[in-house]
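For reference, the structure is listed below as structure tokens.
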Amino acid sequence: MVIFWEVAAILGWLPEFIIPAPSEVIIALVEDRENLWINSQVTLIQAFIGLAIGIVLAFFLAIIMDVIPWLHRALYPMLVITQTIPTVAIAPILVLWLGYDMTPKIVLVVLTTLFPIIISILNGFAQADNDAIQLLQLMGANRWQILRHVKLPSSMTYFLSGLRVSVSYAFVSSVVAEWLGGFEGLGVYMIQTKRAFAYDKMFAVIVLISLLSLFFMGVVSFVEKYLTPWRFNQMKRIRGEE
């Protein structure tokens, strides 16, 4: 695909002022690395802070929802509804309410990363070993002890699966929020390069965002492989890689 894209650009089949050749994008990545690095730091900080808050909040809500069934029934539909609202519709409202600094970007990252993680943790709680739960109940264990010794360990594989999805959401939502207001970051820099008709640099930003998302998804997969090797091997067998 990339080779065909490069050949099409060389032969002039693609308008150069709109779609640069892959080689031009790579050159822009190298020559513009200083600006890309400076803006990447802002986007990464926002994404990581929002993701960290999202993880803590997801565990807190999942545990509360598991311990208090009526709260689960009340909050779950609300969480689903929040996912039906497009990110681009929420972002300008947050910018209007919270200003143009990092706060609205971080809040948007929290909102977009919370759902996959909390649903994964709740699925992990639901798949916990019933025999182990009944055994602990016969031994007089309370809800918190069952949660600590059975449900939380069983939810780790599900949590890591949700985290892998949320990592990519974190970068995308951070960039989307920067499009609509801000002073620095990859989203802001993308808009600036577009207005300057520097499409090779704009595509370089897109490529960099994709590479960052893939890199951190790979980091989560690496952690999952060593924290839950049984799950990793099971997924390989399902995919027919063994």
Karplus (6.51, -1.76, 1.60) ³J(HN,Hα), θ = phi - 60°, over region 181-197, in Hz, Gly and Pro reported as x: x, x, 10, 7, x, 5, x, 5, 5, 4, 4, 5, 5, 5, 5, 8, 6
Heavy-atom accessible area order for VAL188, VAL2, largest first, 1.4 Å probe: VAL2, VAL188
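For every other residue with a beta carbon closer than 14 angstrom to the beta carbon of ILE63, add +1 if it is Lys or Arg and -1 if Asp or Glu, then tell me the sum.
Numbers: positive: ARG143, ARG148, LYS151; negative: ASP66.
Around ILE63, the surrounding residues sum to +2.
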ASP200 accessible area, 1.4 Å probe, all protein chains in place, Å² to nearest 10: 50 Å²
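From Cα pairs below 8 angstrom and at least 6 apart in sequence, can you work out the relative contact order of the chain, rounded to a whole percent? Display every interim value, and only then the final one.
Values: 270 pairs, mean separation 62.1, N = 242.
Reported relative contact order: 26 percent.
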Pairwise centroid distance, computed over Cα atoms, of region 118-152 with region 83-97, Å: 36 Å
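Return the tail of the calculated pair distribution for region 1-137, meaning the percent of Cα-Cα pairs more than 23 Å apart.
Values: 5479 of 9316 pairs.
The proportion of pairs with Cα distances above 23 Å equals 59 percent.
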Among PRO116, PRO153, PRO104, residue whose mean-square fluctuation peaks in a GNM of the chain (springs only between Cα atoms under 10 Å): PRO153
Nonlocal amide H pairs with THR228, under 5 Å, H built at 1.01 Å: none
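Taking 1 over the mean of 1/r across every pair of different Cα atoms in region 91-164, what Kirkwood radius in Å do you get?
Values: mean 1/r = 0.0696 Å⁻¹.
With all distinct Cα pairs of region 91-164 included, I get 14.4 Å.
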Violating pairs (Cα-Cα greater than 25 angstrom) within the set LYS151/LYS225; LYS105/LYS225; LYS105/LYS151: LYS105/LYS225; LYS105/LYS151
Heavy-atom accessible area ranking, 1.4 Å probe, most first, across MET1, MET65: MET1, MET65
Highest-fluctuation residue, LYS201, LYS151, LYS225 considered, GNM on the chain with Cα pairs under 10 Å: LYS225
Between 0 and 90°, nearest 10: helix 33-67 axis offset from the chain longest Cα axis: 20 degrees
Top of VAL167, VAL67, VAL175 by mean-square fluctuation, Gaussian network on the chain, Cα under 10 Å: VAL67
Using alpha-carbon coordinates, inclination of helix 87-98 to the longest axis of the chain, degrees: 90 degrees
Heavy-atom SASA rank of TYR199, TYR100 (probe 1.4 Å, accessible area, largest first): TYR100, TYR199
Distant alpha-carbon pairs in the chain (separation over 25 angstrom), percent: 54 percent
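The values are calculated or read from the model by the stated rules, or taken from the named source; none is laboratory data. Bear in mind that the values here come from a model prediction, so they are computed numbers and not experimental data. Cβ sites come from the backbone with ideal geometry, for glycine too, and all protein chains shown count toward neighbours. Just so you know, the surface numbers come from the protein's heavy atoms only, side chains and all, with ligands and any DNA or RNA stripped out. Shrake-Rupley method; radii C 1.70, N 1.55, O 1.52, S 1.80 Å.
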